[in-house]
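*Asks:* This is the structure, below, for whatever I ask next.
The values are calculated or read from the model by the stated rules, or taken from the named source; none is laboratory data. The shown structure was predicted, so the numbers you read here are calculated from the model rather than taken from an experiment. In this analysis, Cβ positions are derived from the backbone assuming ideal geometry, glycine residues included, and neighbour counts consider all displayed protein chains. We work out accessible area using only protein heavy atoms, side chains counted, and drop any ligands, DNA or RNA first. Shrake-Rupley method; radii C 1.70, N 1.55, O 1.52, S 1.80 Å.
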Amino acid sequence: MIRRIYPLNEKILNFKFVQNEEDFIVEEQPIKFSLNGSFLILKIKKNNCDTWELIDRLAKFLGVYSNEIGYAGLKDKRATTTQYISIPKKYSKEIKLFRNKKIEILETFLHNEKLNIGDLEGNRFKINLHNVEIPDVNHIQKIIKIISKNGIPNYFGYQRFGKEVVENFEKAKAVVYGEEIVKDKKLSKMLISAYQSSFFNAWLVERLAISKEEFALLDGDIFLDLEKNKIFTPKAITQNILNDFKAQKITPTGLLPGRKVFKAMGEALKIESKYDDVYIQEKGYRREAIVYPKNITCKYDASKNICTLDFILPKGSYATVLVEYLANRNFS
């Protein structure tokens, strides 16, 4: 796996970071629900249970196919997570009887649509860092100020690639090139997604290396308007574009190779074309190169040497990347 680099941080911190139920807490920030309609939204708190296990348990209990259950995002197993799930309204009575030690239904709402991946505003994280010394806290506070101003590289975190990184990459490449068939569709899709993500991460490392001070914009870059949620390509990098970028109104995007996706042009394309693979038949995407964490706080318990972070990230971004930024090292 390519090494993820973090600009404007020259110091390596050796605090202890572990994903578990006590030290890694995630809460989905939901979309607005219609409060009427033919779907029931379940607000669920779970621990040591990933989204796939949750869906399987609900489907088995209700006696339905898993594809009848909607979800907005995937959540890690080694954590305490709160997320929103949709089921058809006709199962409202049955779901009241659901009981599981790992899973608690906190609230229910009506909604007019089944939840689909991406139907959330973002995620709030509460993370404990252990073995943090006082000088480390001062450095963490310094980096938080930089992050609040400049954002963080929107890498895919190590979780995206699995434990067998090299093997998974080679297997995904064999699937893409038709040299191997994976019958499990879910596994095949996950492998190809990781393959696409590896190109994005490698591209982002090269783009970050252009300038140590700030992310350098190039003619031909494709931007995302964060207010309108629309992509656009300006004719040139003007002062207005630079101002909007610094004001966190727009962000440049990178390529996840695949079908039906806009490609960069001009100067930006010279770099982007090195991280493309035209053989990928899955749909391609543009992903924000830089994202902006919100409401970052850092509290320190000197008696336990624990630093507790609290922040919100846009959907699809990895909290482990922010923690890596603070530590200036890769965890996997």
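*Asks:* Which lysines have a Cα less than 16 Å from the Cα of LYS304, not counting those fewer than 8 places away in the same chain?
*Replies:* Qualifying lysines at Cα under 16 Å: LYS16.
*Asks:* Considering only protein heavy atoms, what is the solvent-accessible area of HIS111 at a probe of 1.4 Å, reported in Å² to the nearest 10?
*Replies:* The accessible area comes out at roughly 10 Å².
*Asks:* Hey, another quick one. Using θ = phi - 60° and the Karplus form 6.51 cos²θ - 1.76 cosθ + 1.60, what ³J(HN,Hα) does each residue of segment 14-22 get, whole Hz, x for Gly and Pro?
*Replies:* 10, 5, 9, 10, 9, 7, 7, 5, 8
*Asks:* Further question: Might you work out the accessible area of PHE331 for me, using a 1.4 Å probe with all protein chains in place, and round it to the nearest 10 Å²?
*Replies:* Here the residue's solvent-accessible area equals roughly 60 Å².
*Asks:* Less than 11 Å Cβ to Cβ from ARG78, Lys/Arg counted +1 and Asp/Glu -1: what total charge do the surrounding residues give?
*Replies:* On the way: positive: LYS75, LYS77; negative: GLU21, GLU22, ASP23, ASP50, ASP76.
Neighbour charge sum, excluding ARG78 itself: -3.
*Asks:* Return the sequence-ordered ³J(HN,Hα) values of segment 151-165 in whole Hz as given by the Karplus equation 6.51 cos²θ - 1.76 cosθ + 1.60 applied to θ = phi - 60°, using x for Gly and Pro.
*Replies:* x, 10, x, 8, 4, 6, x, 4, 4, 4, 9, x, 6, 9, 4
*Asks:* Tell me the label-point distance for the pair SER34, SER148, using the 7 Å Cα-to-Cβ offset, in nm and rounded to one decimal.
*Replies:* Result: 4.0 nm between the two label points.
*Asks:* Name all residues of segment 269-294 having a backbone nitrogen under 15 Å from the label point set 7 Å from the Cα of ALA209 along its Cα→Cβ direction, giving them as ranges.
*Replies:* Output list for this probe position: 271-275.
*Asks:* While we're looking at this one, here's another question. What FRET efficiency comes out for LEU106 versus LEU8 if R0 is 45 angstrom and r is the Cβ-Cβ distance? Round to the nearest 0.05.
*Replies:* With a Förster radius of 45 Å, E is 0.70.
*Asks:* Between segment 121-135 and segment 99-117, what's the alpha-carbon centroid distance in Å?
*Replies:* Measuring centre to centre over Cα atoms gives 27 Å.
*Asks:* Next up: Quick check for me: using +1 on Lys/Arg Cβ and -1 on Asp/Glu Cβ, what's the dipole size of segment 152-291 about its Cα centre, in debye to the nearest 20?
*Replies:* Numbers: 23 positive and 20 negative charges, 98 e Å.
In debye, rounded to 20, segment 152-291 gives about 480.
*Asks:* I would also like to ask the following. Pick from PRO135, PRO293, PRO88: which residue has the top mean-square fluctuation in a GNM of the chain where Cα pairs under 10 Å get a spring?
*Replies:* Checking each option, the largest mean-square fluctuation is seen for PRO135.
*Asks:* How high is the FRET efficiency between ASN229 and GLU180 when r is their beta carbon distance and R₀ equals 35 Å, given to the nearest 0.05?
*Replies:* Numbers: r = 37 Å, r/R0 = 1.05.
So, using R0 = 35 Å, E works out to roughly 0.45.
*Asks:* I need the phi-derived Karplus couplings for segment 254-262: 6.51 cos²θ - 1.76 cosθ + 1.60, θ = phi - 60°, integer Hz, Gly and Pro marked x.
*Replies:* Values, residue by residue: x, 9, 9, x, x, 7, 6, 9, 5 Hz.
*Asks:* Right, next: As a test question: what accessible area, to the nearest 10 Å², does SER148 have when a 1.4 Å probe is rolled over all protein chains in place?
*Replies:* For SER148, solvent-accessible area is about 60 Å².
*Asks:* Quick check: net charge around CYS49, other residues with Cβ under 13 Å of its Cβ, Lys/Arg +1 and Asp/Glu -1?
*Replies:* Within the 13 Å Cβ shell, the charges total +2.
*Asks:* Hey, can you grab everything whose amide H is under 5 Å from the amide H of ILE290? Only 5+ residues off in sequence or another chain; H modelled, so Pro and N-termini drop out.
*Replies:* Counting only residues 5 or more places away or on other chains, the set is ASN154.
*Asks:* Would you work out what percent of the accessible area of segment 32-118, with all protein chains in place, is carbon or sulfur (probe 1.4 Å)?
*Replies:* Values: 2410 of 4890 Å².
Its accessible area is 49 percent carbon and sulfur atoms.
*Asks:* Which shape class, rounded, prolate or oblate, goes with segment 187-316 when its Cα gyration tensor gives a ≥ b ≥ c as root eigenvalues, a/c under 1.5 marks rounded, and past that a/b bigger than b/c marks prolate?
*Replies:* oblate
*Asks:* While we're here: Just how far, in whole angstrom, is segment 1-71 from segment 187-259 if you go by their alpha carbon centroids?
*Replies:* 25
*Asks:* Looking at segment 262-332, what % of the alpha carbon pairs are farther apart than 18 Å?
*Replies:* Within segment 262-332, distances greater than 18 Å cover 61 percent of Cα pairs.
*Asks:* Which whole-percent values make up P(r) of the chain when all C-alpha to C-alpha distances are grouped in 10 Å steps starting at zero?
*Replies:* 5, 23, 31, 27, 13, 2
*Asks:* By its C-alpha gyration tensor, with a ≥ b ≥ c as the square roots of the eigenvalues, how is segment 116-212 shaped: rounded for a/c under 1.5, else prolate for a/b larger than b/c, else oblate?
*Replies:* prolate
*Asks:* Here's another thing I want to ask about it. If Lys and Arg each add +1 and Asp and Glu each add -1, what is the summed charge of the other residues whose beta carbon sits under 14 Å from the beta carbon of GLY37? Write down the numbers at each step before the final one.
*Replies:* Numbers: positive: LYS32, LYS89, LYS90, LYS114; negative: GLU113, ASP119.
Net charge in that neighbourhood comes out at +2.
*Asks:* So, one more: Taking 26 Å as the cut-off for C-alpha to C-alpha distance, list the pairs among LYS11/LYS228; LYS60/LYS101; LYS145/LYS274; LYS43/LYS294; LYS43/LYS228 that go past it.
*Replies:* LYS11/LYS228; LYS145/LYS274; LYS43/LYS228
*Asks:* From the helices alone, meaning DSSP H stretches of at least four residues, give me the mean residue ellipticity at 222 nm for the chain, per-run term -39500 (n - 2.57), in deg cm²/dmol to the nearest 500.
*Replies:* So the helix-based figure for the chain works out to -8500 deg cm²/dmol.
*Asks:* Still on this structure, please answer the following. Would you kindly state how much longer the chain becomes between THR308 and GLU68 on full extension, computed as 0.36 nm times their sequence separation minus their alpha carbon distance, in nm to one decimal? Mind showing how you got there, number by number?
*Replies:* Numbers: separation 240, 0.36 × 240 = 86.40 nm, distance 3.76 nm.
Extending this stretch completely gives an extra 82.6 nm.
*Asks:* Report, to two decimal places, the Cα Rg of segment 32-118 normalised by 2.2 N^0.38 Å (N = number of residues). Don't skip to the end; give the middle numbers.
*Replies:* Values: Rg = 11.8 Å, N = 87, 2.2 N^0.38 = 12.0 Å.
So the Cα radius of gyration is 0.98 times the expected 2.2 N^0.38 Å.
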